[in-house]
Amino acid sequence: MIILIKKFIVQIGMGVDQHGHNMDATKAAIKAVKNAISNNCLAGLNEILNIKDPLEMIVDILIAKPNNTTINEKKVLRAIPFGKKSIQVIDGGMIASGIYIKELGDINDNMLVVNAAITVSFDIN
């Protein structure tokens, strides 16, 4: 059987973690994923593709994180509610100067900025 994967939608999001991250960009990545998917209504799944089960979606997550930061990929994957999920993490985010607030767990004034590209595809066989 030939597998025919067709891209349905690509959405871009951005997330920022301003405080208490200790160079872990996971919270910013989750915000970026939620930002990318939060304003979508995939009505075409049913009306055009006749897909009734959202678990049939193939969801590829591309995360661009700041250099020298970490990402907990399992936590980021949980931000996507449906589908067969995969994640790729690359360097390419940003660290901006913000404000240091010791009471919020800051070790410096770094703000971590993460970008996400979410691609939803389907096997249309």
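Among the chymotrypsin sites (Phe, Trp or Tyr not before Pro) within the range 19-125, those in coil by DSSP and having at most 15 neighbouring Cβ atoms inside 10 Å are Phe82, Tyr100. Counting every other Cβ atom within 10 Å of each residue's Cβ, Asp17, Asp91 order from fewest to most as Asp91, Asp17.
Cα-Cα pairs above 19 Å in the chain: how many percent? Taking all Cα-Cα pairs of the chain, the fraction more than 19 Å apart is 50 percent. Rounded to the nearest 10 degrees, the inclination of helix 26-37 to the longest alpha-carbon principal axis of the chain is 40 degrees.
With contributions of -39500 (n - 2.57) from each DSSP H run of at least four residues, the per-residue ellipticity at 222 nm computed over the chain stands at -4000 deg cm²/dmol. Mean separation of Cα pairs under 8 Å and 6+ residues apart, divided by the residue count of the range 5-123: what relative contact order is that in percent? Normalised by residue count, the contact order of the range 5-123 is 43 percent. Give me the distance between the Cα centres of the range 78-125 and the range 1-29, rounded to whole Å. Value for the Cα centre distance between the two parts: 5 Å. The slack between Leu55 and Asn67, meaning 0.36 nm per residue of separation minus the straight C-alpha distance, is 1.0 nm.
Laboratory data are not the source of any read-out in this text; all were calculated from the coordinates shown. Note that the structure is predicted; figures quoted are calculated from it, not measured. Heads up, the Cβs are rebuilt from the backbone with ideal geometry, glycines too, and the neighbour counts pull from every protein chain shown.
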